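Trainee: Take a look at the following structure, please.
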Amino acid sequence: METLVVEQRKNARTQLSWPVSLWLPEANRFFNGQSANVSKTGVFLVVPMTTPVRPGHVVEINFPRTVTLAKEKGQFARIKSGKVLRVERKSVLKDAKIGVAIGFE
């Protein structure tokens, strides 16, 4: 049986594979991961399956910049706050990773 999924996004997504750090206050630590795509209103990340993240958690995402961009912008990272909207565990057996959809605040 196939489930119909209705697209709810209002902004276009851009594929972006970039290293990120996810700050999870409940765990009081960072978890390293990779972005998969990003839009004006959110991001989808891939993190280790041991990351204790749940829908509703408020997190901070650290997008590190290259040295050249950091010199231009004056900072070595772009920090965004967001709320976890969804956690996907469908590839946990394949690569020990989970997907995390985050809406920017």
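Trainee: I'd like the full set of residues that are under 14 Å from Ser35 (Cα atoms) and in a strand (DSSP E or B), limited to segment 63-81. Talk me through it step by step, then tell me what you get.
Mentor: Going residue by residue through segment 63-81, those that are under 14 Å from Ser35 (Cα atoms) are 63-65, 78-80.
Phe63, Pro64, Arg78, Ile79, Lys80 - these are the residues of segment 63-81 that are under 14 Å from Ser35 (Cα atoms) and in a strand (DSSP E or B).
Trainee: In addition: Say we look at segment 29-48 and pick out the residues that are of a type in the set (A, V, I, L, M) and either touching an Asp or Glu at 6+ places or on another chain (Cβ under 6 Å) or within 13 Å of Glu88 (Cβ to Cβ) (or both); which of these is surrounded by the most Cβ atoms within 10 Å (Cβ to Cβ)? First the steps, then the outcome.
Mentor: So the first thing to find is which residues in segment 29-48 are of a type in the set (A, V, I, L, M), and the list is 36, 38, 43, 45-47.
After this cut, where a residue has to be either touching an Asp or Glu at 6+ places or on another chain (Cβ under 6 Å) or within 13 Å of Glu88 (Cβ to Cβ) (or both) as well, the list is 36, 45-47.
Working: Ala36: 17, Leu45: 27, Val46: 18, Val47: 20.
It comes out as Leu45.
Trainee: Return the residues of segment 11-45 that are part of a loop (DSSP other than H, G, I, E, B), over 16 Å from Arg78 (Cα atoms) and not polar (S, T, N, Q); say none if nothing qualifies.
Mentor: Once the filter is applied, which keeps residues that are part of a loop (DSSP other than H, G, I, E, B), over 16 Å from Arg78 (Cα atoms) and not polar (S, T, N, Q), segment 11-45 yields Ala12, Arg13, Pro25, Glu26, Ala27.
Trainee: Could you check segment 71-98 and list, in sequence order, the residues that are within 14 Å of Ile61 (Cα to Cα) and among the small types (Gly, Ala, Ser)?
Mentor: Ala77, Ser81, Gly82
Trainee: If you take the residues in segment 59-82 that are more than 16 Å from the chain's Cα centre (by Cα) and of a type in the set (Ser, Thr, Tyr), which one is farthest from Val20 (Cα to Cα)?
Mentor: Per the stated criteria, the residue is Thr68.
Trainee: Ok, one more. Inspect all residues belonging to segment 55-62 and state whether any of them is part of a strand (DSSP E or B), polar (S, T, N, Q) and modelled with pLDDT under 95.
Mentor: The answer is yes, given that some residue of segment 55-62 is part of a strand (DSSP E or B), polar (S, T, N, Q) and modelled with pLDDT under 95.
Trainee: Sticking with this one: Can you confirm whether segment 87-99 contains a residue that is more than 23 Å from Thr50 (Cβ to Cβ), of a type in the set (A, V, I, L, M, F, W, C) and either under 16 Å from the mean Cα position of the chain (by Cα) or surrounded by 14 or more Cβ atoms within 10 Å (Cβ to Cβ) (or both)?
Mentor: Scanning segment 87-99 turns up no residue that is more than 23 Å from Thr50 (Cβ to Cβ), of a type in the set (A, V, I, L, M, F, W, C) and either under 16 Å from the mean Cα position of the chain (by Cα) or surrounded by 14 or more Cβ atoms within 10 Å (Cβ to Cβ) (or both).
Trainee: Here's another thing I want to ask about it. Can you name the residue in segment 82-94 that is in a strand (DSSP E or B) and of a type in the set (Val, Ile, Thr) and is also nearest to Ala27 (Cα to Cα) among such residues?
Mentor: Val84
The values are calculated or read from the model by the stated rules, or taken from the named source; none is laboratory data. Because the structure is predicted, anything quoted here is derived from the model rather than measured. Ideal geometry is used to build each Cβ from the backbone, glycine not excepted, and the neighbour counts take in all protein chains shown.
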